[in-house]
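Okay, structure first, notes after.
What follows is calculated from the coordinates using simple rules that are stated; it is not laboratory data. These numbers come from a predicted model, not from an experiment. Backbone-built Cβ (ideal geometry, glycine too); neighbour counts: all protein chains shown.
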Amino acid sequence: MREVVEKKVLSENDRLAAELRERYREQNILCVNLISSPGSGKTALLEKTLSSFPKENCVAVLTGDIQTDNDARRLVRYGFPVRQIVTGGTCHLDARMVDRHLNEMGFRGPGLLLVENVGNLVCPSSYDLGEAAKIVLLSVTEGEDKPLKYPGIFHRASLMILTKTDLLPHVEFSPELALENARKVHPEIDYIALSSRTGEGFDQWLSWLSALQLKARREAATVPS
Ligand SMILES: Nc1nc2c(ncn2[C@@H]2O[C@H](COP(=O)(O)OP(=O)(O)O)[C@@H](O)[C@H]2O)c(=O)[nH]1
Ligand SMILES: [Mg+2]
């Protein structure tokens, strides 16, 4: 019975996510969905990313949390529209939540929509938000085996970001082994190592985002509406 209900919820989510994807295509919005364990550095990555954007860029952020609006308060300081989605217990964002908050904030493309999912490596992986890419973050304090323990999200993510590289001298963690494990699960996954504290690796991250934006625009131009 539980399985039947879950399937129904997921197929309803897929329908709404397809509508969101179509809206993103029509309006030239690049949406990326950041997923990780709590504390891996999603908000810190977004803070440093927003601080690097010119104020006239069209960028919006949706940040999910089970309980607080702490992350939105951190992110709003950079001058771009930010909405906190408080899920009230639900361990992931879904397409309906994204749709409602996008409508309420009145965000229109062309532009970039950055989504910070609820901190969790399991639930968010099954919920399509119409994004162009899921991005999984793994920090150097979490252990190299996480891709093997949580293969679902590493399989679905286009990019794995290794975060907090400034801490590498202080922890026993092999970036090579973490990447090897991620590629066992998903051989084509892209990989960037960075530190939101020092800014190391940020050029690569921003280039990756720009390349994805270009690719999405090209694809949108070739799909008849
Ligand atoms: N040393 C270091 N700490 C970081 C870095 N990124 C995030 N943190 C810290 O890790 C903690 C959790 O970060 P946060 O961005 O809130 O993680 P989130 O729960 O994934 O959004 C905070 O105390 C951050 O200051 C980093 O690159 N280096
Ligand atoms: Mg956060």
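Miscellaneous remarks
- Taking every C-alpha pair closer than 8 Å and separated by at least 6 residues, the mean separation divided by the residue count of the stretch 11-220 gives a relative contact order of 25 percent.
- Over the stretch 126-225, Cα pairs under 8 Å with separation of 6+ residues give a relative contact order of 27 percent.
- Long-range tail of P(r) for the stretch 150-225 (Cα pairs > 17 Å, %): 56
- Alpha-carbon gyration tensor eigenvalues x 5, square-rooted, for the chain, Å: 25, 21, 18
- Sites matching GluC sites (Glu not before Pro) across the stretch 92-201 that sit in DSSP coil, with at most 12 neighbouring C-beta atoms within 10 Å: Glu172, Glu188
- When you filter the trypsin sites (Lys or Arg not before Pro) in the stretch 183-225 for DSSP loop state and at most 15 other Cβ atoms inside 10 Å of their Cβ, you are left with Arg197.
- Anchor Lys7: lysines whose Cα lies under 24 Å away (excluding residues fewer than 8 positions away in-chain): Lys134, Lys149
- Loop sites in the stretch 1-31: GluC sites (Glu not before Pro), DSSP, at most 11 other Cβ within 10 Å: none
- Counted residue by residue at 0.36 nm each, then reduced by the alpha carbon distance between them, the extension gain from Asp166 to Val9 reaches 52.4 nm.
- Annotation: the residues Leu20, Leu113, sorted from fewest to most other C-beta atoms within 10 Å of their own C-beta, follow the order Leu20, Leu113.
- Only helices enter this figure: runs of n ≥ 4 DSSP H residues, each worth -39500 (n - 2.57), summed and divided by the residues of the chain, yield -13000 deg cm²/dmol at 222 nm to the nearest 500.
- Likely footprinting exposure, Asp94, Asp190, Asp128, fewest C-beta neighbours within 10 Å first: Asp190, Asp128, Asp94
- Gap separating the Cα centres of the stretch 57-89 and the stretch 154-225, nearest whole Å: 22
- Here the Kirkwood formula puts the hydrodynamic radius of the stretch 41-89 at 11.1 Å, using every distinct Cα pair.
- Partnerless Cys - the chain, beta-carbon criterion under 4.7 Å: Cys31, Cys58
- Count Lys and Arg as plus one, Asp and Glu as minus one, and take only other residues whose Cβ is under 9 Å from that of Phe173; the net charge is then -3.
- Simple label model, 7 Å out from Cα along Cβ direction - Glu200 to Leu214, nm: 2.7
- Taken one residue at a time, the phi angles of the stretch 2-18 give Karplus couplings (6.51, -1.76, 1.60, θ = phi - 60°) of 4, 4, 4, 5, 4, 4, 5, 4, 5, 6, 5, 5, 4, 5, 5, 5, 5 Hz. Gly and Pro are set to x.
- Extended-chain gain in nm, criterion 0.36 nm per residue less alpha-carbon gap, Ser207 and Thr68: 46.9 nm
- Remark on the stretch 1-68: Rg and Dmax equal 16.1, 51 Å (Cα only).
- Estimated distance in nm for a label pair at Lys55 and Asn28, the labels positioned 7 Å out from Cα along Cα-to-Cβ: 2.4
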